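No value in this document is a laboratory result; all are computed from the given coordinates. Note that the structure is predicted; figures quoted are calculated from it, not measured. In this analysis, Cβ positions are derived from the backbone assuming ideal geometry, glycine residues included, and neighbour counts consider all displayed protein chains.
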Amino acid sequence: MSDAILSVRGLSVRFGTLAAVNDISFEAERGGITSIIGPNGAGKSSLFNLVSGALRPDAGRVIFDGRDVTGRRPDRLLAAGMARSFQITNLFFELSVRENLRLAAQFVEPGSRLGALLRPVGASRAARARVDELTARFALRERLDELAGYLSHGEQRRLEIAVALAARPRLLLLDEPTQGMSHTDTQDTAALIKSLAGELSILLIEHDVDLVMNLSDHVIVMHQGAKLAEGSPQAVRGDPAVQAAYFGEGAHAAAH
Ligand SMILES: Nc1ncnc2c1ncn2[C@@H]1O[C@H](COP(=O)(O)OP(=O)(O)O)[C@@H](O)[C@H]1O
Ligand SMILES: [Mg+2]
């Protein structure tokens with residue numbers, strides 16, 4: 001790939017005797033949507049944890065925008081332009097939608113991180129503008145003063161993506177953003193993700209195979225910690241090894 005925002009080389013991590021991520025290499029194209037699919041337990045979230053610095057690899061490198069960031073902490077990666085949303089929510093439930101977004105938007109402003117956290121709500125004009133922009137785009141404007149804990153599941157998942165975007169990342173990692181969503185919410189979220197591509201680069205973990213095939217420029221298939229296949233959605237779907245391991249009988253039910 002000519003212009004990679006992310007290059008992962010031989011990334012591995014073990015949990016005891018389990019090779020959760022086993023020598024994974026791939027590149028994510030700048031401005032594109034690169035998706036990682038694979039059955040439950042394949043190692044997708046662990047791979048995200050390695051890329052985003054939440055886990056230290058036992059081997060391998062993570063190159064972000066030409067720079068080796070292997071083992072860098074998540075907050076430093078966020079400041080450098082890599083944001084992630086989590087499979088398990090990362091919102092402050094006891095804070096409002098506005099406050100969740102404002103904190104995230106102020107995180108990358110000049111001055112100390114702690115300063116951003118301590119600054120009173122609404123103190124930064126730039127952060128306020130970003131909050132306005134994101135609540136409009138994510139259809140959360142009516143919910144601005146609602147506590148995040150009182151939002152519907154779909155709204156919480158949307159807010160989570162908005163929070164990840166608040167820091168204006170160049171690369172966004174999304175771990176199953178449509179998990180637990182209704183069909184309509186899933187379609188809306190897919191359209192939203194598609195609308196973000198180009199503006200920034202996206203690395204997506206998704207269990208909904210049809211969604212991945214429609215959204216992605218490039219697909220990586222993981223199976224038991226290893227990379228089973230990669231390529232265009234069409235090529236991957238037609239790969240016999242992928243069909244056997246992933247699209248085979250009962251695979252849809254196990255595809256998490
Ligand atoms: N912190 C951990 N400690 C021990 N085992 C883990 C840990 N995190 C994940 N695993 C195991 O690693 C494997 C891959 O998990 P995970 O990366 O969550 O897969 P996926 O996201 O593809 O479902 C699973 O067998 C899981 O039980
Ligand atoms: Mg997972």
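When a/c is below 1.5 the answer is rounded, else prolate if a/b is larger than b/c, else oblate, so apply that to the stretch 125-256 with a ≥ b ≥ c taken from the square roots of the Cα gyration tensor eigenvalues. Judged from the Cα gyration tensor, the stretch 125-256 comes out prolate (a/c at least 1.5, a/b above b/c).
For A226, the residues whose modelled amide H falls within less than 5 Å of its own, excluding neighbours fewer than 5 places apart on the same chain, are N22. Summarising the label geometry, the points placed 7 Å from Cα in the beta-carbon direction at Q224 and I63 lie 3.0 nm from one another.
Relative to the longest principal axis of the Cα atoms of the chain, the long axis of helix 153-166 lies at roughly 80 degrees. Computed from backbone phi with θ = phi - 60° and the Karplus coefficients 6.51, -1.76 and 1.60, the 3J(HN,Hα) list for the stretch 194-205 is 4, 5, 7, 4, x, 4, 8, 9, 10, 10, 10, 9 Hz; x is used for glycine and proline. The amide H of L174, built 1.01 Å from its N in the peptide plane, has S85, L203, L204, I205 as neighbours under 5 Å, considering only residues 5 or more places off or on other chains.
Counting 0.36 nm for each residue step from F15 to N40 and taking away their Cα separation leaves a gain of 7.4 nm.
Between the C-alpha center of the stretch 181-231 and that of the stretch 1-42 there is a gap of 14 Å. Between E94 and D75, the distance separating the two model label sites (each 7 Å from Cα on the Cα→Cβ line) works out to 2.0 nm. Expressed as an acute angle from 0 to 90° and rounded to the nearest 10, what is the orientation of the C-alpha long axis of helix 97-107 relative to the principal long axis of the chain? Orientation of helix 97-107: about 80 degrees from the principal axis. Among H218, H153, H183, a tally of other beta-carbon atoms within 10 Å of each Cβ gives an order, fewest to most, of H183, H153, H218. With 0.36 nm allotted per residue and the present C-alpha distance subtracted, the D217-S182 stretch has 10.2 nm of extension available.
As a proxy for reagent exposure, ranking R98, R73 by other Cβ atoms within 10 Å from fewest up yields R73, R98. Each 10 Å bin, from zero up to the one with the longest distance, holds this percent of the alpha carbon pairs of the chain: 7, 31, 36, 21, 5, 0. 3J(HN,Hα) along the stretch 130-144: 5, 4, 4, 4, 6, 5, 5, 5, 9, 6, 10, 4, 5, 9, 3 Hz, from the Karplus curve 6.51 cos²θ - 1.76 cosθ + 1.60 with θ = phi - 60°, whole Hz, x for Gly and Pro.
Using a Gaussian network model of the chain in which every pair of alpha carbons under 10 angstrom is joined by a spring, one finds that among R102, R157, R128 the greatest mean-square fluctuation is at R128. Close amide H contacts of H218 (hydrogens built in the peptide plane, cut-off under 5 Å, sequence separation of 5 or more or a different chain): I33, S35. Taking all Cα pairs closer than 8 Å and separated by 6 or more residues, the relative contact order of the chain comes to 27 percent.
Estimated from helical segments only, the mean residue ellipticity of the chain at 222 nm is -10000 deg cm²/dmol, where each DSSP H run of four or more residues counts as -39500 (n - 2.57).
The HN-Hα couplings worked out from phi for the stretch 4-18 by the Karplus form 6.51 cos²θ - 1.76 cosθ + 1.60 (θ = phi - 60°) are 9, 7, 9, 10, 10, 10, x, 6, 9, 8, 10, 10, x, 8, 7 Hz, whole numbers, x standing for Gly and Pro.
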